[in-house]
Amino acid sequence: MTAKSDYGTVVNCLGGPAQIPVIRFLQSHWGVTRVDVITETAPERILAEGADGAARCL
């Protein structure tokens with residue numbers, strides 16, 4: 001069974017202009033009303049490095 005939630009989380013870059021469009025995308029495509037934004041410089045690099053890279057970031 002899958003629980004429905006109105007809450008979502010996004011990992012995004014620090015760039016301000018990208019925040020609102022990404023939040024709106026999650027709201028319209030996933031039906032969430034609240035979005036938590038985790039920001040980091042070059043998040044794709046950190047995720048691509050695997051667990052060790054992500055652990056250094058946190």
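The values are calculated or read from the model by the stated rules, or taken from the named source; none is laboratory data. On a predicted model such as this, the values are computed, not experimentally measured, just so you know. Glycine gets a Cβ as well: all are built from the backbone with ideal geometry, and neighbour counts include every protein chain shown.
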Could you tell me which of the residues Val11, Val32, Val37 is modelled with pLDDT of 90 or more, among the hydrophobic types (A, V, I, L, M, F, W, C), surrounded by 13 or more Cβ atoms within 10 Å (Cβ to Cβ) and assigned to a strand (DSSP E or B)?
Val37
Just checking, how many residues over the range 25-49 are under 12 Å from Asn12 (Cβ atoms) and of a type in the set (Phe, Trp, Tyr)?
1
